1. Are any residues in the range 96-119 part of a helix (DSSP H, G or I) and out of contact with any helix residue (DSSP H, G or I) (no Cβ under 9 Å at 6 or more places or on another chain), and if so, which ones?
2. Do the conditions hold for residue 124, that is, is it closer than 23 Å to residue 179 by Cβ and without any contact (Cβ under 8 Å) to a residue 40 or more places away in the chain?
3. How many residues does the range 104-125 contain that are crowded, with 21+ Cβ neighbours inside 10 Å and more than 15 Å from residue 138 (Cβ to Cβ)?
4. All but one of (1) in a helix (DSSP H, G or I); (2) closer than 20 Å to residue 184 by Cα hold for residue 133; which doesn't?
5. Of all residues in the range 167-179, count the ones that are part of a helix (DSSP H, G or I) and either more than 13 Å from the chain's Cα centre (by Cα) or at pLDDT below 95 (or both).
6. Taking interchain pairs and intrachain pairs at least six residues apart, which have beta carbon atoms under 6 angstrom, with the first residue in the range 136-163 and free of Cβ contacts under 8 Å to residues at least 24 places away in the same chain and on the phi < 0 side of the Ramachandran plot and the second surrounded by 16 or more Cβ atoms within 10 Å (Cβ to Cβ) and part of a helix (DSSP H, G or I)?
7. Failed condition for residue 131, given (1) surrounded by fewer than 19 Cβ atoms within 10 Å (Cβ to Cβ); (2) modelled with pLDDT of 85 or more, with all others met?
8. Scanning the range 180-204 for residues that are under 19 Å from the mean Cα position of the chain (by Cα), outside any strand (DSSP E or B) and at pLDDT 80 or above, which turns out farthest from residue 117 (Cα to Cα)?
């Protein structure tokens, strides 16, 4: 075997982390097809499934030491489908079709915001502060829209009213993704370290609350996270200004 053939044979991709990425990509695709069939609750849940799988692929890659440039780029393309295109299309098919160009505009703002957010994230991987994200992460933005659809269907809110709230949320998530607001990445949390017993109880109660009313709790949690960005940024800016005063 020639050196060139050996080099070609060694090229390839790591299977395990990319299986999770493929699962996330399929979940986003399935959300779109479900919405086309009018199964909007299934579409919303599929977006949350994509979030879980997307959160696992990077961790699996780090645990198994199988990070690669291919995996990073594949993950970004998967995120664009699952958290950019899928939420925008599901929201549009659910309630925006009757709004004409306004609904089309709102859906496009979210999708374009997701694309720009991912492009900026990829170009700042080496220079960005790992403790914070610049702009609302696209999975959180998608979770707000999916959670809103899910909670509206669960409580049978009138679409004629919900669609205007949906317009505001869809445009807001798109703009927040390309904003300069700083969002905590939670990477400073040490999951391997010991914690007080009451922390374990708090986590257990939190999981119980989410399982009892997943559509409501997930929507409120990610909405609170979206609001935290402007709040944290303003607080940090005020502290810097106070520190400069003589």
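1. 101
2. yes
3. The number of residues fulfilling the criteria is 1.
4. The number of the failed condition is (1).
5. Going through the range 167-179 one residue at a time, the tally reaches 7.
6. So the pair list comes out as 152/162.
7. (2)
8. Filtering the range 180-204 for residues that are under 19 Å from the mean Cα position of the chain (by Cα), outside any strand (DSSP E or B) and at pLDDT 80 or above, the one farthest from residue 117 (Cα to Cα) comes out as 185.
The values are calculated or read from the model by the stated rules, or taken from the named source; none is laboratory data. Computed from a prediction, not measured in an experiment: that's the story for all the values here. Cβ sites come from the backbone with ideal geometry, for glycine too, and all protein chains shown count toward neighbours.
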